[in-house]
1. Counting only residues that are in a helix (DSSP H, G or I) and either closer than 20 Å to B:Cys119 by Cβ or not assigned by TED's automatic domain parsing to the domain that holds B:Ala150 (or both), which one in region B:78-91 is farthest from the chain's Cα centre (by Cα)?
2. Just a yes or no: is a residue in region B:314-335 more than 27 Å from B:Asn108 (Cα to Cα), not assigned by TED's automatic domain parsing to the domain that holds B:Gln134 and not aromatic (Phe, Trp, Tyr)?
3. How about region B:17-29: which of its residues are within 28 Å of B:Asn116 (Cα to Cα) and in contact (Cβ under 8 Å) with a residue 60 or more places away in the chain?
4. Answer with yes or no whether B:Asp185 is assigned by TED's automatic domain parsing to the domain that holds B:Gln19 and free of Cβ contacts under 8 Å to residues at least 40 places away in the same chain.
5. Please pick out the residue among B:Ala95, B:Ala110, B:Ala100 that is small (Gly, Ala, Ser) and not in a loop (DSSP other than H, G, I, E, B).
6. Answer yes if at least one residue in region B:33-52 is among the hydrophobic types (A, V, I, L, M, F, W, C), under 30 Å from B:Arg205 (Cβ atoms) and out of contact with any helix residue (DSSP H, G or I) (no Cβ under 6 Å at 6 or more places or on another chain), and no otherwise.
7. Where the second residue is basic (Lys, Arg) and outside any helix (DSSP H, G or I) and the first is in contact (Cβ under 8 Å) with a residue 40 or more places away in the chain and lies in region C:149-162, which pairs have Cβ atoms under 9 Å and are six or more apart or on separate chains?
8. If you go through region B:42-55 one residue at a time, do you hit one that is modelled with pLDDT of 95 or more and under 16 Å from B:Leu164 (Cα atoms)?
Amino acid sequence: MAELSTWESLPIAGAVRPSGAPRTKTGGWRTGEKPAVDVSLCVNCLLCWLYCPDSAVTLSGETFTGFDLEYCKGCGICADVCPVAAIEMVPE
Amino acid sequence: MTDVRLLTGGEAVAHAMRQIDPDVVPVYPITPQTPIIQTFAKLIADGEASTEIVNVESEHSAMSAAIGAALAGGRTMTATSSQGLALMAEVVYIAASMRAPIVMALGNRALSGPINIHCDHSDSMLIRDSGVVQLFAESAQDAYDLTVMAPRIAEDARVLLPVLVCLDGFTITHSAEPVSLLPDDEVARFVGPYRLRNAVLDTTRPTTQGPFAMPDYYFELRRQQAAALEAALDVLEEVAAEFELLSRRRVGALEAYRLEDATRAIVALGSTAGTVKDVVDELRDEHEAAGLLRLVSFRPFPSAAIAAALEGCASVAVLDRADSPGGTPPLHAELAAALYGSDLELAGHVYGLGGRELHPPDVREIFRGAAAPYVGLRGERCPV
Amino acid sequence: MDGMTEIRWHARAGQGAKTAAQILALALLRTGKGVQAFPEYGPERRGAPLRAYTRVADRPIRRHDSVTDPDVVVVLEPSLVHEAGVAEGLAPDGYVVFNGDEAPPELDEVVVRCVPAQRLASKLGSGFVNMVMLGAVAAELGEPPLADLQDAAVETLGRKVAADDVRRALSEGYAWLN
């Protein structure tokens, strides 16, 4: 565990900059299921990208490419919002 | 060339705001604050200031919008009174913790209930521990001077906290008195441009403001805030010294009035100090060694300076314009702590709740040690 | 004018007592006096009895309590003698400036200076009863000079009213008690 800062060394009001934030990989939080996609069905509406609470849907430019499983917590929202049922939650 | 005008305290604050010309003023009307914003809005309509007034639906929203504006990089001011401050209180704490240097005029008014529109300091005391600076004006001139000084204190890198300029409702907000205004360009130079050193909302340098803090950091961030408020005492004196060069008027953390050789002293906040000064002069003419300690800065509380100023007094009477039911009134409690270990006699009096008058004969009674704990309350007699 | 002079104005809300109290203070401020002017805020509705105050002294005024024993009482609205206790607390050597041709019996015990301000204002056709009374008060006080009072009034009332009417109303009242 990293050493905690004293009050004098903290940024004012505890403001957080991206560079100073620990990048905790939260993919380990998944408990058994991960999203799987059938790209042939995908219409690139990007609803999954919009709804994902962990920014774990990856794009290339504006095109859906898949999931970043280092951050995906397996909540299943993407599968739920997909209008063409291209995403399915599958066992790890 | 001095520009002396006959202005109410509310108008005086509005003119200070015109000269400061803040970027944003989110505000909701409430008596007796209304004349401040009414006058200021008229000055904007007349083209004398370029501020964007944001009409919000409550004081809670006013302070919320003020935090956003201040941290987005705009100099921000607002104003309120009494119930408005009570509704705003939740967000006042957040403004302090997010270190938003908002300047707010507070037309001091009794808290309900019973509902009342007149002056006391219960509204200020409600947010005593919110972490904001609270400065009390004695007169319309003082209200103007403190408002001009306030952005410099709020925005100082050592402080970065909301500053409240407190002026007694009606007694100051609505009473017309001579007020000497500084030239517009001198005020503009004095307050300078708004530049925040702490992170502001900036898309090229993204930050998270007001983050969640768990037990591992909450305490540290509260301590950081306390240190900022402590630092405000030095900053206030520095700004007061600089302001004095401009105005030849000095409003620091406290004013010692004829205290040098005083044996009896009164400690008071706000407009009452003027009435006490008149009585001190009368008593001095009668060869009574009376004096006044007028406290300008209630937060931060200048304990050491107070103890030094009152050294040599045999007895001190503290006037609280707010009560603390079931406990010791706020100013009295602070004085008792500041003077702990000293052998002077300390008496506390509550007075003036809900606009009850304090006349010079009442002040004489207090100096004589013959006043009841609640001064001016019907049926009260001094216990001794 | 030695020490401090305290003036209490009685009127109904909307009759311009607060404004008159402020104009007097402004004119006296310009002559180098310490001044203060403030209304008493009760249930302030048009027509409700209202009190306003002017304090003037040779030095800056610091006290911030209300006026309890005025040196001068100005009654802008004659009907208030029945309900407002207009002579209450009047200083022993004080006097009342009363809007009317003669003093009402309610004021038998005190010195009264009558100014038929209503009549004078109607004669002028402008309806500035408060300005006629203000002129009379200045004449009785011996200050400020009429011209200073006129300037202060025109400045305070602004462009909403005809400056000449204001000046005439003030000088009419001033002449009555001068």
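1. Here is the first cut: in region B:78-91, the residues in a helix (DSSP H, G or I) are B:82-91.
Subsequent filtering for residues that are either closer than 20 Å to B:Cys119 by Cβ or not assigned by TED's automatic domain parsing to the domain that holds B:Ala150 (or both) retains B:82-89.
Numbers: B:Ser82: 14, B:Gln83: 17, B:Gly84: 16, B:Leu85: 13, B:Ala86: 16, B:Leu87: 19, B:Met88: 17, B:Ala89: 16 Å.
Top of the filtered list is B:Leu87.
2. Within region B:314-335, the subset more than 27 Å from B:Asn108 (Cα to Cα) is B:314-315.
Narrowing the set further to residues that are not assigned by TED's automatic domain parsing to the domain that holds B:Gln134 leaves B:314-315.
Okay, now just the ones that are also not aromatic (Phe, Trp, Tyr), so B:314-315.
Among the residues of region B:314-335, at least one is more than 27 Å from B:Asn108 (Cα to Cα), not assigned by TED's automatic domain parsing to the domain that holds B:Gln134 and not aromatic (Phe, Trp, Tyr), which makes the answer yes.
3. B:Met17 - this is the single residue of region B:17-29 that is within 28 Å of B:Asn116 (Cα to Cα) and in contact (Cβ under 8 Å) with a residue 60 or more places away in the chain.
4. Yes: the conditions hold for B:Asp185.
5. Numbers: B:Ala110 fails: not in a loop (DSSP other than H, G, I, E, B); B:Ala100 fails: not in a loop (DSSP other than H, G, I, E, B).
Exactly one residue qualifies, and that residue is B:Ala95.
6. No, that holds for no residue.
7. Listed by first residue and then by second, the contacts come to nothing, as the list is empty.
8. Checked region B:42-55: no residue is modelled with pLDDT of 95 or more and under 16 Å from B:Leu164 (Cα atoms).
The values are calculated or read from the model by the stated rules, or taken from the named source; none is laboratory data. It should be emphasised that the depicted structure is a prediction, and the values quoted were computed from it without experimental measurement. Cβ: placed from backbone, ideal geometry, glycine included. Neighbour counts: every protein chain shown.
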